[in-house]
Every structure is written in C-alpha cells, then in structure tokens.
Amino acid sequence: MNLRVRIDRLILEGFALEGSERRAVGAALEAELALALSEAALSAGLQEEAAHDRIRAPDIPAAGRQARALGEQIGRAVGVSLTEPSANEQRGGT
C-alpha cells in the first residue's frame, strides 16, 4: 500500500512560533503522522482511497508546550481525523 499525504497549510491559531520552532513542529508532525498512518494501514484502518479538502483535528491545549510535543500531538490528531472519518465529520471537516 502506498500512502501520499500533502499538507499545503497548517494553521495554528494563538501560537507565536519562531522559524526553528515552526520547523520542529513540522518535523514532529510528519514523524507522528507517518507512525499513525502506518499503524492504521496495518490494522486495516486505511483500506479505501480518500481525498480530503480539509481536515479539522480536535483542539489541542498548548499551555507550556514545546514545539516538538506540539507537533507530535497535532500529528496524532490529524492521524485520527484521517483514519476515523466519523471523528472528523463530528467536528465539521470534509
């Protein structure tokens, strides 16, 4: 199975991240999302082809978060939204 994920834009409202922090968030998000999607593929969570215009992940509390931890949490949340469509539909995503 081949998976291709393209994230054009990640909107983090209420965060003031420096360049190195943005890169750390992105790297951690990529690693965590790859893990979540590979686990879902192995457990038959990704058996159908799908395309999404938008994914709305759940809100993530960020008090005291480091960039890497924030990226990991975002990656997990996006992974859930992609592998459990009913969770995304309840939050108003498409």
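The values are calculated or read from the model by the stated rules, or taken from the named source; none is laboratory data. Here the structure is a predicted model, which is why all the values come from computation and not from measurement. Using ideal geometry, Cβ is built from the backbone for each residue, glycine included, and neighbour counts are taken over all protein chains shown.
Just to be sure before I move on: is residue 36 surrounded by 15 or more Cβ atoms within 10 Å (Cβ to Cβ), among the aliphatic types (A, V, I, L, M), at pLDDT below 75 and part of a helix (DSSP H, G or I) in the structure I sent?
no
So residue 6 fits all but one of (1) of a type outside the set (Ser, Thr, Tyr); (2) farther than 16 Å from residue 83 by Cα; (3) part of a loop (DSSP other than H, G, I, E, B); (4) modelled with pLDDT of 80 or more; what number is the exception?
(2)
Between residues in region 70-85 that are on the phi < 0 side of the Ramachandran plot and surrounded by 18 or more Cβ atoms within 10 Å (Cβ to Cβ) and residues that are of a type in the set (S, T, N, Q) and at pLDDT below 90, which pairs lie under 9 Å by C-beta distance while being six or more apart or on different chains?
Hits for this filter: 81/88; 82/88; 83/43.
I'd like the residue in region 56-69 that is among the aliphatic types (A, V, I, L, M) and surrounded by 17 or more Cβ atoms within 10 Å (Cβ to Cβ) and, out of all such residues, is modelled with the lowest pLDDT.
Our first condition is that a residue be among the aliphatic types (A, V, I, L, M); within region 56-69, this holds for 57, 60, 62-63, 67, 69.
Still in the list and also surrounded by 17 or more Cβ atoms within 10 Å (Cβ to Cβ): 57, 67.
On the way: 57: 75, 67: 89.
Per the criteria, the residue is 57.
Among what's in region 70-94 and is assigned to a helix (DSSP H, G or I), closer than 24 Å to residue 3 by Cα and over 11 Å from the mean Cα position of the chain (by Cα), pick the residue that is modelled with the lowest pLDDT. Working first, answer last.
Taking region 70-94 as the starting set, the residues that turn out to be assigned to a helix (DSSP H, G or I) are 70-83, 85-90.
Checking which are closer than 24 Å to residue 3 by Cα leaves us with 70-83, 85-89.
Still in the running and over 11 Å from the mean Cα position of the chain (by Cα): 85-89.
Values: 85: 59, 86: 60, 87: 53, 88: 48, 89: 54.
Here the answer is 88.
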